[in-house]
1. Using +1 on the beta carbon of Lys and Arg, -1 on that of Asp and Glu, and nothing else charged, what's the dipole of the chain about the Cα centre, debye to 20?
2. Does a label point 7 Å from the Cα of residue 73, set along Cα-to-beta-carbon, have any residues of the stretch 109-142 with amide nitrogen under 20 Å, and which are they?
3. Out of 98, 72, 16, whose Cα points farthest toward the positive end of the dipole of the stretch 4-138 (charges: +1 Lys, Arg; -1 Asp, Glu; placed on Cβ)?
4. How large are Rg and Dmax for the chain when only the alpha carbon atoms are used, in Å?
5. Let me know the longest stretch in the chain that avoids all trypsin sites (Lys or Arg not before Pro) found in a DSSP loop with at most 13 other C-beta atoms within 10 Å.
6. Compute the length gained on full extension between residue 103 and residue 21: take 0.36 nm times their separation in residues and subtract their Cα-Cα distance, giving the result in nm to one decimal.
7. Once whole DSSP H runs in the chain are found, which of them have Cα atoms spread over 15 Å or more along the helix axis and a mean Kyte-Doolittle score of at least -0.5?
Amino acid sequence: MRAWPLWLAALWWGGMSAVSFVVVPTLFARLGPAVAGPVAAQLFALQSTGVIVVGLALLLWLRQQRRRVPAQDIGPLMGTMALVLLAMLAAFLQEFAVAERIVSARSAGGDLRLWHGLGSALVFLQWFCGAWVFKRLILSAF
């Protein structure tokens, strides 16, 4: 039963890698921005929801692990919790603040480059946090 958090972190990081670095760029290369944009937005919305759900599950598990770790060894566990929370915050901001601005910038002529860059940075932050959490769980160092 101890393996499920590792599998969940692998799904998080692997899924984000596939969608963010393979699927979405392929959509834009093959379909063009007019068709690929709305599809990519839906994929990123699903990805954000996934990060929040996976993050909640991992936080609950890490909270349970906190009771088992001696007080002097709590630092790495708290660091892992912070990474999960940071990724969840980035997913929340991406979905409920930046994604709306990207859509409105496209239709109203706003600063699309700024909002797209910020959205990309938030996706990369989620990916980085997922990779780091996955690495920590592989090494069993929280």
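1. 380
2. Label zone hits: 133-142.
3. Value computed over the given set: 72.
4. 16.9, 55
5. The reported range is 69-142.
6. Full extension of this stretch gives 27.4 nm more.
7. Once both thresholds are applied, what remains is 4-18, 33-66, 74-93, 112-138.
Rule-based calculations on the coordinates, nothing more; no lab input. All figures in this text were calculated on a predicted structure; none of them were measured in a lab. Don't worry about glycine lacking a Cβ; one is built from the backbone with ideal geometry, like all the others, and counts go over all protein chains shown.
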